[in-house]
Amino acid sequence: MLEEKAPSDKSQDEASNPLISGLDLEKQVKPLAFTIFGAHGDLNKRKLLPAIYALYLQGLLPRGFVLLGTSRTVMDDEGFRKLMCESLQKFAPDLPFEQDAWDRFATCLFYQPADSGSHEGFASIKTRLEELGQKYNTGGRNVFYLSTPPSLYWPIIEGLSKVGLVEKRKVNEEAWPRVVIEKPFGHDLSSSLELDDHIHDVMREHQVYRIDHYLGKETVQNVMVFRFANSIFEPIWNRNYIEQIQITNAETIGVEGRGAYYEEAGALRDMVQNHLMQLLALVLMEPPIAMDAETTRDEKIKVLRALKPIDLNRIDSVAVRGQYDQGFVAGVEVPAYRAEKSVKPDSNTITFAALKLEVDNWRWAGVPIYLRSGKRMAKSITEVSIHFKPTPNNLFGDIPGLSQAPSNPEGNVLVMQIQPEEGISLKFATKEPGPTTSVRWLNMDFRYGTAFGTRTPTAYERLILDCLQGDPSLYARSDFVEASWRYLQPVIEHWEKNNPTKFPNYKAGSWGPKESDDMLAQRGHYWRKL
Amino acid sequence: MANIPDVKDLESSRTMSFLTGNKSAVDVAKIEKELASLWKSARDGEETGDLPISDHVVRACVLNFCILIRDGRSGDQQRVEAMNDLLTGLSLRHPARVILGLVNEADDDSGETYKDLEEKVDAWVSARCHLLPGAKDKQVCCEQITVETTYKHGVGESLASVINPLIVPDLPAFLYLSGFHLDAALIKPFLGYFQRVVFELADNLEDDLDLAIAQTTSCVPAIFALSGEHYVHDLSWSLIKPYRMALAQTFDDDDVAIDPAMLQEITDIELVTSDIAQGALYLAWLADRLNLSPLSTMIDKAKSAYEITMAGDRQIKARIVYSAVEQGKGIKSVRLRFAPDQDQGQNQDAGLLVEAESRVIKSCYKGTTEYLELPMDDPRESAIDQILTSKKTDPFYLRALGIMAAFNKKEKKQ
């Protein structure tokens, strides 16, 4: 029997505390201060605070943990704690709430009102962080989370830089401070590059965490496990066996009071440029040689670089836009986009975008990849479906009607559902019981929610923990963001130059404009009916 | 102080109620979520032993079966109850996601108008569980979602916006219109989502012979239009299959008395039916198989009979006699008479008589009787059973339909 070798090099922690060995505390988070800009906002109340509290309940936060909320709203620490307590109970019903546990957690919550447009504001944040740092021994380790409108990203980073809270670290130095930036990262290619240039003036790339919460979802992470831990799928994961791939992100909701933001963003910037492109890369990437952050992100960027550039003369045949009209969703009549609050009555903002892409590499050449994202669709669902080619000969083709069924295509379909129910299903043919050979297509389903009894952590929990631990694997790297904008830029420019003539062009509660179906029909394909 | 039930107990009792087929009210916008939660709770209960259910519960679904029904208020409650009975048997053989769409209509008899009806959509979920035959410790369960709404302007779109997203992708989706006209605006919003449409022609026709034949004028084009992009399944057609088989076998069996050549000697067809749609379809099928086309039609109101002269390479007189009965609607008998030199003169009772009796169809000819056993199940259940396994629109149905439409096009003689 082989004896397990003791580690030859003791870590610094082990050297100072030999009791730590064998307790799986290798990735324990060091004491730090986590500052949230926009702490009074919706994102913090709904997502960030519940995620941080969940980490606390799991014992994943260090003893010396400080959460400092800041925004223009004036309130004191107690007011902030009360507000956060109410938000937690309202927005995180899946978390067990016990007053005692909350009271213990709340001792690490603090609030500093500050105007992020003024030097004094940043100076006051710095003073407060220094005080708290001394008390909680955070050692100057800071994470700044920008839960603010994108227009404030640079002013905040610049302000932090001017008071010395943000500074450039060498590549081989531990990345403190870290700055977490919410999407959208830029408004188009040039604004994204400009923002990147500014940020890289005061920080290095390994200090920047561009969050895309899709990447924190269990099923998204499972894409890699599914592909690279099962030997049966990878050999057929290519143009020889796959006919087409569809990535759908559909929401039944409209702009839900975010009309002003959405007027500037639209579906392409809000969903496609970030979430769907990340999903696309995960599905199409080559197996990385290791699971470290840079190797994985290197493979993802290769996919985007291999995307066949959009032919400027054929944009309308590979990109479709839409805006929803009045219609019915879940039995309720809902207004047209142009009738939503804070939306211009003649707005041309797109609420639906569909694209046909091709990846020009050995593995994927010739396989169309269809992306679609829309608001006020018939159903809320995000999924990736891999459509395999039909069998080479149609042995059961004499079964009348089977091959012609318009919405029941031949061929296996593998579906990775991201939301609302995370899971995987495989459509396959089987013989119907009985005296004749009759084929019936069935689904074999795996649902995360029912397969594993444990609570599934939220995407923000995973991503925030990764950031605290200094693991940027699930964050978007600068070159990925740039490549994504670069690919989509011709579409953005084309749509900006040519106003839509038929908006609104799809009914709320439908699956988008007819042109989207027509785009797939060119290749004899059609969107999966969901 | 009153005892407050434990949350876990409440959850268990709700799950148990769901599994035993009771309807559990759910938020219309969260039907899938509620279903997932109930199934999860059932599975957890099974593991912990909190629920007194079988050890092996299999949640199964091989197809989507949506039934749209006009609900209760106008005396159609029977239809809802009949459908529930029917689903009990069907869900065992075809584990399906059943979606029951109930459309409340104003009760004209009590002076109620559409404006009196509250405009709302409600939803419930329930499970249908069966012990698997031969495996006493295994249950197969499928789910039923009931959605109820009011018949108002835009009801089709509203109801479809709830029902369509509930379809399980990749599985066949059947839309069964129970009591709705095919050309009703109500069904249009559903058609993009369902590949197969099931209906009963009889629902589209009045119980008046002349009127019913006239109504085929509008009905048949609607069915043809529908069959362009959907598989159509007419229950009226499926229900006459045993009669078609009985007649076909009478001319086909080796030991039967009638030579197939006698088909060329038919001079007269008389069909007694309490279901005009079935009668007309049967006659149209026979005409198609014998290469006959309608020449002229005549209504004999006194005798509730519709006479059709048909011609191909010979002329044949056909007669549909309507016989209203309360129960067991369908074809009662078919009599074929043959040319005198082949037959037994002009005797009224001469020829071949195909007649339904309890669970059997008798074919009587020259003192010989043949029997075709009917399925043990309810005929309607058997018909739907066959439809759910069929792969396409029956081309013979479309041919019969084309001829049936011509029954009304020809010049009428009074």
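The values are calculated or read from the model by the stated rules, or taken from the named source; none is laboratory data. Being a predicted model, the structure only gives us computed values, none of them experimental. Note that we place each Cβ from the backbone using ideal geometry, even for glycine, and neighbour counts take in every protein chain shown. Each accessible area value is taken on the protein alone, full model and side chains, heavy atoms only, with ligands, DNA and RNA left out. Shrake-Rupley method; radii C 1.70, N 1.55, O 1.52, S 1.80 Å.
Relative to the present Cα-Cα distance, how much length would full extension add between A:Ala123 and A:Glu493 at 0.36 nm per residue of separation? Can you show the working numbers first?
Values: separation 370, 0.36 × 370 = 133.20 nm, distance 4.08 nm.
Answer, rounded to one decimal: 129.1 nm.
Taking the Cα centre of the protein assembly as shown as origin and charging only Cβ (+1 Lys, Arg; -1 Asp, Glu), how large is the dipole, in debye to the nearest 20? Intermediate values should be presented prior to the final figure.
Details: 106 positive and 135 negative charges, 343 e Å.
Dipole size: approximately 1640 debye.
Accessible area buried by the pairing of B and A, both sides summed with a 1.4 Å probe, works out to roughly 2700 Å². A Förster radius of 22 Å combined with the Cβ-Cβ distance from B:Lys188 to A:Lys514 puts the calculated FRET efficiency at roughly 0.90. Helix A:153-162 sits at what angle to the longest principal axis of chain A, using alpha carbons and giving 0 to 90 degrees rounded to 10? Compared with the principal axis, the helix lies near 20 degrees.
Across the stretch A:283-302, the residues whose backbone nitrogen lies under 16 Å from the label position 7 Å along the beta-carbon direction of A:Arg169 are A:293-294.
Quick one: length gained pulling B:Ile299 to B:Lys392 fully straight, 0.36 nm per residue minus the C-alpha distance? Could you put the intermediate results ahead of the total?
Numbers: separation 93, 0.36 × 93 = 33.48 nm, distance 3.52 nm.
Working it through step by step, the gained length comes to 30.0 nm.
Answer with one residue from A:Pro31, A:Gly69, A:Leu195: the one whose Cα lies farthest towards the positive end of the charge dipole of the stretch A:29-210, charges on Cβ with Lys, Arg +1 and Asp, Glu -1. Toward the positive end, the furthest listed residue is A:Pro31. Equivalent-ellipsoid semi-axes for the stretch B:239-413 (Cα gyration tensor, √(5λ), whole Å, largest first): 23, 21, 17. Residues B:His233, B:His181, A:His213 ordered from highest to lowest accessible area at a 1.4 Å probe: B:His181, A:His213, B:His233.
3J(HN,Hα) couplings calculated from phi for the stretch A:348-358 with the Karplus curve 6.51 cos²θ - 1.76 cosθ + 1.60 (θ = phi - 60°) are, in sequence order, 10, 4, 8, 10, 9, 9, 9, 9, 10, 10, 9 Hz; Gly and Pro show x. Couplings 3J(HN,Hα) for the stretch B:287-294, derived from phi with the Karplus relation 6.51 cos²θ - 1.76 cosθ + 1.60 (θ = phi - 60°), are 4, 4, 5, 9, 6, 10, 10, x Hz, where x marks Gly and Pro.
Rounding to the nearest 10 and keeping the result within 0 to 90°, find how far the Cα-based axis of helix A:189-202 lies from the longest principal axis of chain A. Tilt relative to chain A: about 20 degrees. For the stretch A:254-371, the Cβ-based charge dipole about the Cα centre amounts to some 160 debye (Lys, Arg positive; Asp, Glu negative; other atoms uncharged). Note on B:Thr309 and A:Phe91: their simple-model spin labels are 8.3 nm apart, each label 7 Å out from Cα toward Cβ.
Of B:Arg79, B:Arg399, A:Arg477, the residue with the largest accessible area leads and the full order is B:Arg399, B:Arg79, A:Arg477 (1.4 Å probe). Across the alpha-carbon atoms of the stretch A:303-345, the computed radius of gyration and Dmax are 17.0, 44 angstrom. Between A:Glu130 and B:Arg93, the distance separating the two model label sites (each 7 Å from Cα on the Cα→Cβ line) works out to 8.3 nm. Once C-alpha pairs closer than 8 Å and six or more residues apart are averaged by separation and normalised to the residue number of chain A, the relative contact order reads 16 percent. Distance from the Cα centroid of the stretch A:79-156 to that of the stretch A:229-267 is 33 Å (rounded to whole angstrom).
Could you check how much of the accessible area of the protein assembly as shown is carbon and sulfur, as a whole percent, using a 1.4 Å probe?
Numbers: 21730 of 42810 Å².
Carbon with sulfur: 51 percent of the solvent-accessible area.
Computed over the stretch B:136-289, relative contact order equals 19 percent, with contacts defined as Cα pairs under 8 Å that lie 6+ residues apart. Between B:Asp377 and A:Arg63, with labels modelled 7 Å along Cα→Cβ, what's the label distance in nm to one decimal, could you check? Output for this residue pair reads 7.0 nm. The C-alpha atoms of chain A define a longest principal axis, and helix A:478-497 lies at about 60 degrees to it.
Let a ≥ b ≥ c be the square roots of the eigenvalues of the Cα gyration tensor of the stretch B:169-304; is it rounded (a/c under 1.5), or, if not, prolate (a/b larger than b/c) or oblate?
Numbers: a/c = 2.50, a/b = 1.50, b/c = 1.67.
Oblate, since a/c reaches 1.5 and b/c is not below a/b.
Within a Cβ distance under 13 Å of A:Asn348, other residues only, what is the Lys/Arg minus Asp/Glu net charge? Write out the running numbers ahead of the final one.
Numbers: positive: A:Arg321, A:Arg338, A:Lys344, A:Lys497, A:Lys502; negative: A:Glu263, A:Glu264, A:Asp346, A:Glu496.
Cβ neighbours under 13 Å give a net charge of +1.
Reducing the stretch A:481-527 and the stretch B:303-330 to their Cα centroids gives an inter-centroid distance of 57 Å.
Panel note: the C-alpha atoms of the protein assembly as shown, placed on their principal axes, show extents of 117, 73, 73 Å (largest first). With a cut-off of 12 Å between beta carbons, the residues surrounding A:Ser425 carry a summed charge of -2, where Lys and Arg count +1 and Asp and Glu -1.
Nearest-5 percent of antiparallel DSSP beta bridges in chain A? Let's see the in-between values first.
Numbers: 44 of 74 bridges.
Of the beta bridges lying entirely in chain A, close to 60 percent run antiparallel.
Taken one residue at a time, the phi angles of the stretch A:420-429 give Karplus couplings (6.51, -1.76, 1.60, θ = phi - 60°) of x, 9, 7, x, 9, 9, 10, 8, 9, 8 Hz. Gly and Pro are set to x.
Less than 5 angstrom separates the built amide H of A:Lys183 from those of A:Ile211, all sequence-distant by 5 or more or on a different chain.
With +1 on each Lys and Arg Cβ and -1 on each Asp and Glu Cβ, how big is the dipole of chain A about its Cα centre, in debye rounded to the nearest 20? Intermediate values should be presented prior to the final figure.
Details: 62 positive and 70 negative charges, 196 e Å.
The dipole magnitude comes to about 940 debye.
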